[in-house]
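Handing you a structure now.
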Amino acid sequence: MTTPNVSSPHVTHTVNQAPAPRLYATTTALPPTDGPTHLHNALRDADPRTTLAWIRDGNGLIAHGRATTITTHGHSRFTDANTWWQTITNNATIDNDIQAPGTGLIAFGSFAYSPHSPHGATLIVPEHITGTHNGISWHTTITTTPTTPTPPPPAPPITEPGPATYTPGTLTETTWTDRVTQAIDAITNGHLDKVVLARDEHITTPHPIDPRWLLTQLTNSYPHTWVFAIDGLIGATPEMLIRLHNNTATSRILAGTIRRTGNTTTDTNLASTLTHSPKDLHEHAYAVTSVTDVLQPHCHTLSVPETPFVLDLPNVMHLATDVTGHTNTNINVLELAEQLHPSAAVCGTPRTTADNLINTLEGMDRGRYAGPIGWIDSHGDGEFGIALRCGHLDATHTNMRIFAGCGIVDASDPTAELNESHAKLLPMKNAFTPPQDAHP
């Protein structure tokens, strides 16, 4: 097998942070409403320069402002962020009578896929958070002084970015399918069992992309995914890397995909095809094992269904497995995310061999695509998904780099994998362009 020699950029270990401040977090209940009214209002009123979001099925968090942040790079990016967060929480004063998930002091986090990426990692503690969980809503303010915070200035109206233009990314489609062929050869020759190859494209708009506008589009179209915005990375992921709450750990594992047609009868038949596909079941099993092997030592019970179910999304169907465990160790959600990343769902197996092949074949830095993204609270609980179906805004907010990845095994077909990547790019493309016009 002949492959291009593409190496990842070397990034030394760096940490950019001010001395960890003493923070004051106050959570107050909001009056009951029908539906996610408080979240809708909070998104409308958020500062578009600092908007943060984590929303699913009418529950979640909308935040803005910056109380404090940390950015870190290199192999110790998780450890650096976790150590900093422990210092923050140990010194904080927290007034929180609600105690629902997402209340009190929290930080939003986003981590690069690779330790070599210049995109590094960040934890952001916002100043203003509005949350809703199972009909309970609240507002949290976080400040560096014990005084009553100054209300934020009015946010500008939400604006649309205008017609989108789509351009190729790092590799042409022909080159990318050639790389898929090379990956299949490596698997067939026994070098590894599975590898996930990603590709990128670019979306350009005449006017700046308002994160609040894009979040609204994604929430309306993909309500059952985790819609997020953290540090310029915006998307709608269907995959939960790890959720931890009161010592219960859960993970939703996706691997094995088929594109929907929109015809109910046809899609029902396709779902049946997916559940009986040796190639997709094979690919899915690797992803499940990569997660359960990590969780097992930390759990006194671990529930793993024998067969996956079909997760039906507007654009694709996935084989999915929900794993649940009860932890027996004093470990927080960020530490679990570090151990789980990268799972076979976004890397491959064996992990090191697959990661090396990714560096060789993809020819690009994934940035924070396919890395852990989510939030952590002062108890160490929280949620981190895998940053999929997403894009990263550049400094001008008029260019977004979007991504899609496909799991490659010995039975993969390069053309089918390219078609799958098109389907996985559609959530971001359809947010900008009506579906009938968004196909490549």
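Any read-out appearing in this document is the output of simple, stated calculations on the displayed coordinates, not a laboratory observation. A quick note: this is a predicted structure, and the numbers were derived from the prediction, not measured. Cβ placement follows ideal geometry from the backbone for every residue including glycine, while neighbour counts extend to all protein chains displayed.
Can you list the lysines whose alpha carbon sits under 17 Å from that of residue 279, skipping same-chain ones fewer than 8 residues off?
Within reach: 194.
Counting Lys and Arg as +1 and Asp and Glu as -1, what is the net charge of the other residues whose Cβ lies under 12 Å from the Cβ of residue 103? Please report the intermediate quantities before stating the final value.
Working: positive: none; negative: 95, 97, 377, 381.
Around residue 103, the charge tally is -4.
Taking the number of other C-beta atoms within 10 Å as the exposure measure, put 331, 203 in order starting with the fewest. Before the final figure, lay out the partial values.
Working: 331 17, 203 23.
Lowest to highest Cβ neighbour count: 331, 203.
Cut-off is 10 Å between beta-carbons; in what order do 219, 83 appear when sorted fewest neighbours first?
83, 219
At 222 nm, what value in deg cm²/dmol follows for the chain if DSSP H runs of at least 4 each add -39500 (n - 2.57) and the sum is divided by all its residues, to the nearest 500? Display every interim value, and only then the final one.
Working: 9 runs with 119 residues, N = 440.
Roughly -8500 deg cm²/dmol at 222 nm, from the helical runs in the chain.
Among 274, 244, 254, rank each residue by its count of other Cβ atoms within 10 Å, from fewest to most, as a rough exposure measure. Each step should come with its number before you reach the end.
Numbers: 274 21, 244 28, 254 25.
With the sparsest Cβ surroundings first, the list reads 274, 254, 244.
If you don't mind, there's one more thing I want to ask. Sorted from largest down, what three extents in whole angstroms do the Cα atoms of the stretch 223-325 have along their principal axes?
42, 36, 19
For helix 77-91, report the angle its Cα long axis makes with the longest principal axis of the Cα atoms of the chain; keep it between 0 and 90° and round to the nearest 10°.
20
If you don't mind, there's one more thing I want to ask. Cα axis of helix 351-361 to longest principal axis of the chain: angle in degrees, 0 to 90, nearest 10?
80
May I pose another question? Against the longest alpha carbon principal axis of the chain, how many degrees, from 0 to 90 and to the nearest 10, is the axis of helix 414-432 turned?
Helix 414-432 sits roughly 30 degrees off the main axis of the chain.
Sticking with this structure for a sec: Lys and Arg at +1, Asp and Glu at -1: add these up for the other residues within a Cβ distance under 13 Å of residue 143 and post the number.
Numbers: positive: 22, 66; negative: 95, 127.
In short, 0.
So how far, in whole Å, is the C-alpha centre of the stretch 349-389 from the one of the stretch 113-135?
Taking the Cα centre of each part, the stretch 349-389 and the stretch 113-135 sit 14 Å apart.
What's the magnitude of the charge dipole for the chain around its Cα centre, counting Lys and Arg as +1 and Asp and Glu as -1 at the beta-carbon? Answer in Debye, nearest 20. Numbers along the way, then the final one.
Details: 22 positive and 39 negative charges, 100 e Å.
Dipole size: approximately 480 debye.
Let me ask you something else. Calculate how many DSSP beta bridges within the stretch 235-319 are antiparallel, expressed in % of all such bridges and rounded to the nearest 5.
Values: 9 of 9 bridges.
Here the antiparallel bridges make up roughly 100 percent for the stretch 235-319.
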